[in-house]
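Asks: Have a look at this one.
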Amino acid sequence: MQLKDLFMKKVNLKRIAGIAIALLPIALLATNSQAATPQTVNVVGYSIVSSAYTALENAFSQTTAGQGVTFTNSFGASTTQAEDVVAGQPADVVNFSLNPDLALLINAGLVSRKWASVKAVKAQKGIVTDSVVAVVVKPGNPLGINAWNDLAQRGVNIVTPDPISSGSARWNLLAAYESQIDQGSNAAAATTYINALIKNVVSEPSSGSKALSAFIAGTGNVLLAYESDALNAIASGQKIQIVQLPQNLLIQNPAALTTSGTSNPSAVAFYDYIFSKAGQEIWLQQHFRPTLASLTAVSKTTFYTPVNLNTISALGGWAQVTPKFFSPTGIITQAENANGYTS
């Protein structure tokens, strides 16, 4: 080989090597970019958490973990939403009104049976928010509703959601039943009371949010609702009033990662966020009772404290409550059927 040719070969090799080195960072950047591409998080929840998730998702997007993450949202009656997920509705993070709706996903293999043991939520046992049942009346409380027993009186026209589709409805009616036990009634008397209350129901919309809308639009003169939903309505300027009854039931709302969510890093990060202090403060702003221990004191000064505030365990837990009250022969199902609300 001529000396000139050897020299030109070395020059070309250097050029190729230089180009390769120059392109290397671009290739690595592309690879890293693909690996770090934010994912879409599919959120499915019960109806009244819609605005809360708007606030949570907007705040999460400002965090490092939330950069570029996109969300799809589906909110509606809690049991209907759970059934839709079982039927194939995409879901990474689910937030239902009550544990039996989440159990539908667990039984379908879509949520781990150890869902509440995830490190980030273990202290809160997977319960992302609390609330209580609100008895909502027109301004000035023209009917003079001051106790649960007043709801069974003549002239009271109640709006409460449909217990077939709505978790809110089940919380409402269970709180009403337990109020009688708290006052010393036996089970038979409490059942008689529930029948009288349901006889006064004039409308059963499919969800808590639809029940509130119906009441605001003029249906009925008493609404049974989530405290958080009623407080949000008042904050938005709606002319309604909450009666703070001595007996109440603590509403506990579970949130979980589905099997698809656990493999979605963005979903995992967002799930952790809604249980974190920053997320719980947003729930508080949305008038939900936070479940984070460090915010407990704030809750006590923000929300009213009933004389008797029971949990579902006072009724035997969901394993006993569901068949006793909501099976085809259950106390509430029979009362519903007797008053024209078919199961």
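Asks: Just the residues that are more than 15 Å from L257 (Cβ to Cβ) and either modelled with pLDDT under 95 or touching a Leu at 6+ places or on another chain (Cβ under 8 Å) (or both), please, taken from the range 88-99.
Replies: none
Asks: OK, next. Answer yes or no: is there a residue in the range 123-133 that is assigned to a helix (DSSP H, G or I) and not polar (S, T, N, Q).
Replies: Yes, the range 123-133 contains a residue that is assigned to a helix (DSSP H, G or I) and not polar (S, T, N, Q).
Asks: Filter the range 204-216 down to residues that are of a type in the set (G, A, S) and within 27 Å of I181 (Cβ to Cβ) and give me whichever is surrounded by the fewest Cβ atoms within 10 Å (Cβ to Cβ). Reasoning before the result, please.
Replies: Here is the first cut: in the range 204-216, the residues of a type in the set (G, A, S) are 206-209, 211, 213-214.
The next check asks that each one be within 27 Å of I181 (Cβ to Cβ); those that pass are 208, 211.
Values: G208: 30, A211: 32.
By that ranking, first place goes to G208.
Asks: In the range 259-273, is there at least one residue being over 23 Å from Q180 (Cβ atoms), touching a Lys or Arg at 6+ places or on another chain (Cβ under 7 Å) and not in a loop (DSSP other than H, G, I, E, B)?
Replies: No - not one qualifying residue is present in the range 259-273.
Asks: Go through (1) modelled with pLDDT under 95; (2) touching a Leu at 6+ places or on another chain (Cβ under 8 Å) one by one and return the number of the condition S78 breaks.
Replies: Here S78 clears every test but (1).
Asks: For the range 269-286, what are the residues that are within 16 Å of Y226 (Cβ to Cβ) and under 13 Å from the mean Cα position of the chain (by Cα)?
Replies: Across the range 269-286, the qualifying residues are W283, Q286.
Asks: I'm trying to understand the selection: among the residues of the range 68-82, which are over 12 Å from the mean Cα position of the chain (by Cα) and in a strand (DSSP E or B)?
Replies: T70, F71, T72, N73
Asks: Report the residue count in the range 98-137 for those that are surrounded by 17 or more Cβ atoms within 10 Å (Cβ to Cβ) and not aromatic (F, W, Y).
Replies: Total meeting the criteria: 26.
Asks: Given the options S313, S263, S228, name the one that is touching a His at 6+ places or on another chain (Cβ under 7 Å), on the phi < 0 side of the Ramachandran plot and at pLDDT 95 or above.
Replies: S228
Asks: Quick one: which residue in F288, F326 is surrounded by 13 or more Cβ atoms within 10 Å (Cβ to Cβ), of a type in the set (F, W, Y) and farther than 27 Å from N200 by Cβ?
Replies: Only one candidate qualifies: F288.
Asks: Still on this structure, please answer the following. Would you mind finding the one in V85, V49, V44 that is part of a strand (DSSP E or B), outside the structural domain of S207 (by TED's automatic domain parsing), surrounded by 15 or more Cβ atoms within 10 Å (Cβ to Cβ) and at pLDDT 95 or above? Let's see the steps before the verdict.
Replies: Working: V85 fails: part of a strand (DSSP E or B); V49 fails: part of a strand (DSSP E or B).
V44 is the lone residue from the list that is part of a strand (DSSP E or B), outside the structural domain of S207 (by TED's automatic domain parsing), surrounded by 15 or more Cβ atoms within 10 Å (Cβ to Cβ) and at pLDDT 95 or above.
Asks: Those residues that are under 16 Å from the mean Cα position of the chain (by Cα) and either without any contact (Cβ under 8 Å) to a residue 40 or more places away in the chain or not assigned by TED's automatic domain parsing to the domain that holds A176 (or both), I need them from the range 211-249; list them, please.
Replies: Matches in the range 211-249: none.
Asks: Is there any pair with a first residue in the range 55-68 that is more than 15 Å from Q39 (Cβ to Cβ) and a second that is part of a loop (DSSP other than H, G, I, E, B) whose Cβ atoms are under 9 Å apart and which are 6 or more apart or on different chains, and what are they?
Replies: Qualifying pairs under 9 Å: A55/Q286; L56/Q286; A59/G66.
Asks: In the range 88-110, which residues are of a type in the set (A, V, I, L, M, F, W, C) and not in a loop (DSSP other than H, G, I, E, B)?
Replies: V93, V94, L102, A103, L104, L105, I106
Asks: Which of the residues spanning the range 156-179 are over 16 Å from Q244 (Cα atoms) and free of Cβ contacts under 8 Å to residues at least 60 places away in the same chain?
Replies: A169
The values are calculated or read from the model by the stated rules, or taken from the named source; none is laboratory data. Everything numeric in this text was worked out from a predicted model, so none of it was measured. Please note: Cβ atoms are built from the backbone with ideal geometry, for glycine as well, and neighbour counts cover all protein chains shown.
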